[in-house]
Amino acid sequence: MKRKDLSVVRKVKKKTDIIKNSKTQKLYEKFKKIIFKNIGKENFAIGVSGGPDSLCLAYLSKIYKSEFNNKIFTLIVDHKIRKESSIEAKKVKKMLKLKGIESIILVWNGAKPKKNIQLKAREIRYNLISNFCLKNNINYLVTGHHQDDQLENFFIRLFRGSGLTGLSSMANNSNYNQNLRLVRPFLKISKNELKSVTKYYFKSYFEDPSNKNENFLRTRIRKYKKNLEKEGLDTKKIIKTINNLWIAKEALNFYKKKALQSNVNFLSKNSCLINNKLFTEEADEIIFKSISDVLSLISASYYPPRSKKIVSLIKRFKSKNFKKCTLGGCILEKKDGFISVTREERAKQISTVA
């Protein structure tokens, strides 16, 4: 370690001694290690909903800011899908302000989704935040995803028949789009640990009513998981499976990157050309992962279309009759031995409340 790095560590250690609660101290050390490794002293944004995980994120980010002098943008999203969302956003803002944390409310003024509500709400949230970050030259977004989210995502994707990429779940850091990188410092920390620190500091938090709505698969998964734990399938075993899948995914990613470099020419952030050789010279899984990445990058969407839609699209590419289609916010068209991919023009409405 360089001499400069040693001085930073000593400075950080001295500052964290101020934290009196031992659980907070231990959690902060884990948080700090990941944030310092991925972001260091650069500015970043955090998303806060008012739940125990995001409030804990706001608290630990406040401590981190006091040590490294980063500028941290605390963002609250009012998606207006529920009638109470605007009132709740203001209450969360007030709760944060009482603890000396300034925040900004981002308001969605577009149409309310009528189906796939949780997915659409997530898309709205990320669209608003990524647009804000782009306008304010912020390259990092830190989220409160935790170990329980990892487990739930694994089962949700298992129910949907996801492949290796889906089942290996989230990484500590990944690209949301070409301008924004996501950092998730809590993936090895349980929700109960985060809740404990939030109760200590904020005394209370908000519960999302959708967490109790059994119309949503995620809510039902939580009940299934408890039953599976009784049968001996505990958290450690599931996490071990996820980690093994992650190692396999990383190996495939190596070959996917080579395939993209050889067969995809990015003309701009909104368009690219895919050489038809991709579909004849690469293995099916590499083709699938490459197309999935291309759709996410060009559409500037973190979540690509569902697996079955991408598989169907690849089959259409290989057909002699394929000419043009749209998928995942992209227009795809066959042109002289290439597939042209361009972003659809979609109006994104955003307003900001300080």
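The values are calculated or read from the model by the stated rules, or taken from the named source; none is laboratory data. Keep in mind that this is a model prediction, so the values were computed, not measured. When we count neighbours, we look across all protein chains shown, and the Cβ atoms used for this are built from the backbone with ideal geometry, even at glycine.
Answer yes or no as to whether LEU233 is surrounded by 11 or more Cβ atoms within 10 Å (Cβ to Cβ), within 21 Å of LEU164 (Cβ to Cβ) and touching an Asp or Glu at 6+ places or on another chain (Cβ under 7 Å).
So LEU233 does not fit the description; no.
In region 292-321, which residues are in contact (Cβ under 8 Å) with a residue 12 or more places away in the chain and either in contact with a His (Cβ under 7 Å, 6 or more places away or on another chain) or not in a helix (DSSP H, G or I) (or both)?
ALA300, SER301, TYR302, TYR303, PRO304, PRO305, ARG306 - these are the residues of region 292-321 that are in contact (Cβ under 8 Å) with a residue 12 or more places away in the chain and either in contact with a His (Cβ under 7 Å, 6 or more places away or on another chain) or not in a helix (DSSP H, G or I) (or both).
From TYR126, TYR59, which residue is within 14 Å of the chain's Cα centre (by Cα), over 25 Å from LYS223 (Cβ atoms) and assigned to a helix (DSSP H, G or I)?
TYR126
Identify, from the list SER262, SER190, SER196, the residue that is farther than 30 Å from PHE288 by Cα and out of contact with any strand residue (DSSP E or B) (no Cβ under 7 Å at 6 or more places or on another chain).
None of the others qualify; the one that does is SER196.
Have a look at LEU98, LEU134, LEU119, LEU75 and point out the one that is modelled with pLDDT of 95 or more and within 19 Å of the chain's Cα centre (by Cα).
Unique residue meeting the criteria: LEU75.
Which of the residues that make up region 190-223 are of a type in the set (Ser, Thr, Tyr) and at pLDDT 90 or above?
Scanning region 190-223 gives SER190, SER196, THR198, TYR200, TYR201, SER204, TYR205.
Is it the case that some residue within region 106-126 is in contact with a helix residue (DSSP H, G or I) (Cβ under 7 Å, 6 or more places away or on another chain), among the hydrophobic types (A, V, I, L, M, F, W, C) and surrounded by 14 or more Cβ atoms within 10 Å (Cβ to Cβ)?
Within region 106-126, one or more residues are in contact with a helix residue (DSSP H, G or I) (Cβ under 7 Å, 6 or more places away or on another chain), among the hydrophobic types (A, V, I, L, M, F, W, C) and surrounded by 14 or more Cβ atoms within 10 Å (Cβ to Cβ).
Residue-wise test of (1) under 27 Å from ARG122 (Cα atoms); (2) among the charged types (D, E, K, R).
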residue	(1), (2)
ILE239	yes, no
ASN243	yes, no
ALA259	no, no
ASN270	yes, no
THR280	no, no
SER299	yes, no
TYR303	yes, no
ILE331	yes, no
ASP336	no, yes
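Take the residues of region 133-176 that are assigned to a helix (DSSP H, G or I) and among the aromatic types (Phe, Trp, Tyr): which is nearest to TYR64 (Cα to Cα)?
PHE154
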